[in-house]
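Please read the structure below before turning to the comments.
The values are calculated or read from the model by the stated rules, or taken from the named source; none is laboratory data. Note that the coordinates shown come from a computational prediction; the quantities given were computed from them, not determined experimentally. Methodologically, a virtual Cβ is constructed for each residue, glycine included, from the backbone with ideal geometry; neighbour enumeration extends over all protein chains shown. Note: areas computed on protein heavy atoms with side chains; ligands, DNA, RNA excluded. Shrake-Rupley method; radii C 1.70, N 1.55, O 1.52, S 1.80 Å.
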Amino acid sequence: MSRAEPRAGQPGPPPAGDATGGRTDTGADAGVVAGPATGPAAGPVAVRAPRPGWTLGLFRSELVTVFRRRRTQALFAVLAGVPLLVGIAVRIETRNGGSLGGGGRGDGGPAFIEQVSNNGLFLTFAGLAATLPFFLPMAVGVVAGDSIAGEANAGTLRYLLVAPAGRTRLLVAKYVSVLAFCLAATLVAAVSALIVGFALFPVGDVTTLSGTSISLSAGMARALLIALLVAASLVGIGALGLFISTLTDSGIGAMATTVGLLITVQIVDSFPQLHVVQPYLFTHYWLSFADILRDPVSWTGIGKNLGLQALYAAVFGSAAWARFTSRDITA
Amino acid sequence: MAQPSTAQPPADVVIETRGLTKQYRGTLAVDGLDLRVPRGSVFGFLGPNGSGKTTTIRMLMGLIAPTAGSARVLGSPMPRAGRSVLPRVGALIEGPALYGFLSGRDNLLRYDSADPTADPRTRKARVAGALDRVGLSAAAGKRAKAYSLGMKQRLGLAAALLQPRELLVLDEPTNGLDPQGMREIRGLVRELAADGTTVFLSSHLLDEIEQVCTHAAVMARGRLITQGPVAELAAGTRGRLAVTGPDPAQAARVLAVHGVTGLTTDGQRVTGDLPADPPDLAEINAALVAAGVRVRGFGLERASLEDAFVALTGEGFDVAG
Ligand SMILES: Nc1ncnc2c1ncn2[C@@H]1O[C@H](COP(=O)(O)OP(=O)(O)O)[C@@H](O)[C@H]1O
Ligand SMILES: [Mg+2]
């Protein structure tokens with residue numbers, strides 16, 4: 001049988017249809033399956049080379065797939081609901097013009113909660129302060145933990161890899177989609193809080209934690225900055241969840257492990273006796289975002305938080321890469 | 001003639017393995033496999049459940065690393081050359097896997113966008129073409145979770161047909177299909193083969209391999225028992241001579257005189273193996289008649305692949321490895 005050998009690395013037009021080799025043993029009942037006779041071109045296929053622009057398709061597909069999942073939408077609903085509940089609770093408490101908690105601070109409610117009834121913009125800060133310790137990182141843990149393990153569990157991972165998505169590229173696409181989810185989840189909570197705050201409470205100039213006053217628009221700019229910092233605070237647990245996701249073929253297992261680790265770290269972070277390890281916990285500087293509301297802004301804690309998140313991303317991102325590029329895909 | 005570049009196996013071999021071995025913790029799933037799949041063949045990869053077919057295919061596709069040995073697919077080493085080899089290979093591995101919350105069409109769009117050599121401008125048309133090819137156009141907008149097993153299997157096949165392929169690797173493609181679905185898949189395989197695509201088809205069904213394959217390899221307990229053109233494999237076991245009539249005992253005596261061995265009598269039927277240097281069958285028939293044996297039926301039964309398998313492994317085909 002004589003056939004042209006495909007030359008490697010030479011993208012070209014599809015081969016001409018006349019290259020059918022010398023086969024004569026066509027089955028008698030060929031063509032039972034309905035469809036036009038526009039089958040694959042005959043003979044060896046021209047070698048297609050990857051195009052840099054075309055590789056972006058995987059990233060878009062990954063984002064679309066994450067955001068179209070019911071689970072993702074349910075998480076968004078929870079994140080939008082928390083500020084709504086907080087807003088309604090504050091509104092009911094202060095119905096008669098009184099202020100929350102009798103004006104006293106530190107009685108266990110989330111930060112900024114006392115100012116909400118005076119200025120609805122503070123619901124954005126209170127809403128983020130209320131969701132950052134658990135709801136937001138839990139949502140990220142679910143999405144990141146499921147990212148690889150869920151596809152392995154469903155078997156779709158093997159088809160992505162033989163497509164071939166490429167292991168490194170797929171892992172990067174997964175992490176990018178996790179980061180996009182961090183940002184989207186934070187914005188959902190923040191925008192919900194902003195809308196509820198403006199709808200239920202008066203708004204006006206913002207009194208900073210230092211006691212100075214800034215305009216509403218300046219206050220809203222700081223709210224946006226805070227939302228971005230909160231999203232950046234989730235980079236570490238996203239990388240941790242991605243790494244855990246490469247360890248197992250059980251999506252549920254990876255999600256549960258990641259969320260369990262989050263809770264453990266939060267508990268460890270709350271014991272003063274364990275202060276030696278606390279500066280290395282990814283949750284430790286999370287509430288530093290409040291420093292944005294000082295005048296002037298204090299950047300020390302924020303810088304430590306961002307540095308720690310970058311460290312987690314580097315360490316667990318590398319671990320995930322080392323694991324995922326070498327493991328057997330048997331699911 | 002083909003002009004293979006140097007240091008590459010000849011272009012007429014699309015899969016070649018040397019001592020390919022995979023050991024899972026306890027089990028030796030694949031043991032020293034030397035496989036050669038000629039270009040243009042419909043290659044049946046036959047073996048009972050658990051004989052190592054899927055494990056071999058996973059190694060060929062770069063999903064798992066061999067414990068020992070090497071594999072070349074389309075002339076390049078796997079898994080190292082996956083980026084250049086896999087776009088030219090369509091694969092169905094251990095059943096289809098789909099995103100249940102996406103429609104059949106969106107499933108294919110996702111798999112296609114994972115291929116960096118797939119042109120996004122032709123993506124929609126290629127997806128529609130693949131759906132059409134497997135007869136799923138009408139159900140393309142339905143969520144995949146509502147698909148029957150047969151429809152899922154077809155969608156998996158469609159994913160393998162998103163691009164023109166040089167090699168199709170189909171792991172038990174008719175699993176879970178009804179007889180009509182099986183016939184359709186076989187028809188599709190023949191159609192693709194007629195277009196010049198090499199098809200590597202694993203199955204635990206002997207008649208499936210006999211019906212569609214030009215070549216076959218037989219696996220048992222992780223070992224390659226034999227490989228070659230299907231006709232040769234079946235010919236390897238000589239057919240058995242069968243004589244039917246009311247005088248089986250006399251018939252057996254006459255046959256034994258003519259060197260027929262392994263005689264077994266089953267009611268009115270006597271069967272036996274012809275000697276290595278077979279006499280003219282007409283002579284044997286004449287001898288039977290001359291001895292006064294009444295003969296109702298006389299003839300050579302063609303050996304099937306199943307006979308070949310039993311002869312090669314010394315065990316029934318249904319024994320799991
Ligand atoms: N992930 C795995 N871990 C351990 N053993 C496995 C794994 N996958 C397959 N095996 C074992 O390897 C052998 C071959 O399996 P497989 O390749 O799936 O066979 P086949 O596809 O021919 O039915 C079986 O004994 C099976 O139990
Ligand atoms: Mg199998």
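Couple of notes before you dig in:
- Residue B:24 meets the conditions (1) crowded, with 18+ Cβ neighbours inside 10 Å; (2) free of Cβ contacts under 8 Å to residues at least 60 places away in the same chain in every case but one. The failed one is (1).
- Residue in segment A:292-310 that is in contact (Cβ under 8 Å) with a residue 40 or more places away in the chain, surrounded by fewer than 21 Cβ atoms within 10 Å (Cβ to Cβ), closer than 17 Å to residue A:144 by Cα and aliphatic (A, V, I, L, M) present: yes
- Members of segment B:166-181 that are away from ligand 1 (no atom under 16 Å from the Cβ), acidic (Asp, Glu) and open to solvent by 10 Å² or more (accessible area, probe 1.4 Å): B:178
- Among residues of segment B:13-60 being among the charged types (D, E, K, R) and within 14 Å of ligand 1 (Cβ to nearest atom), the one that is nearest to the chain's Cα centre (by Cα) is B:53.
- Each residue in segment A:171-214 was checked for being open to solvent by 50 Å² or more (accessible area, probe 1.4 Å) and part of a loop (DSSP other than H, G, I, E, B), and 7 pass.
- Segment B:176-213, residues that are in contact with a helix residue (DSSP H, G or I) (Cβ under 6 Å, 6 or more places away or on another chain), under 15 Å from residue B:40 (Cα atoms) and outside any helix (DSSP H, G or I): B:199, B:213
- Of the criteria (1) within 16 Å of residue A:243 (Cβ to Cβ); (2) within 14 Å of chain B (Cβ to nearest Cβ), which one residue A:161 fails: (1)
- Residues that are away from ligand 1 (no atom under 16 Å from the Cβ), within 13 Å of another protein chain (Cβ to nearest Cβ) and surrounded by fewer than 24 Cβ atoms within 10 Å (Cβ to Cβ), drawn from segment B:193-222: B:194, B:195, B:210, B:211, B:212, B:214, B:215
- Number of positions in segment B:62-88 that are more than 7 Å from chain A (Cβ to nearest Cβ) and either within 16 Å of ligand 1 (Cβ to nearest atom) or under 15 Å from residue B:162 (Cα atoms) (or both): 6
- Taken together, the residues in segment A:47-76 that are touching a residue at least 60 places away in the same chain (Cβ under 8 Å) and more than 7 Å from chain B (Cβ to nearest Cβ) amount to 9.
- Filter pass, residue B:184 being more than 16 Å from ligand 1 (Cβ to nearest atom), more than 9 Å from every other protein chain (Cβ to nearest Cβ) and more than 30 Å from residue A:70 (Cα to Cα): no
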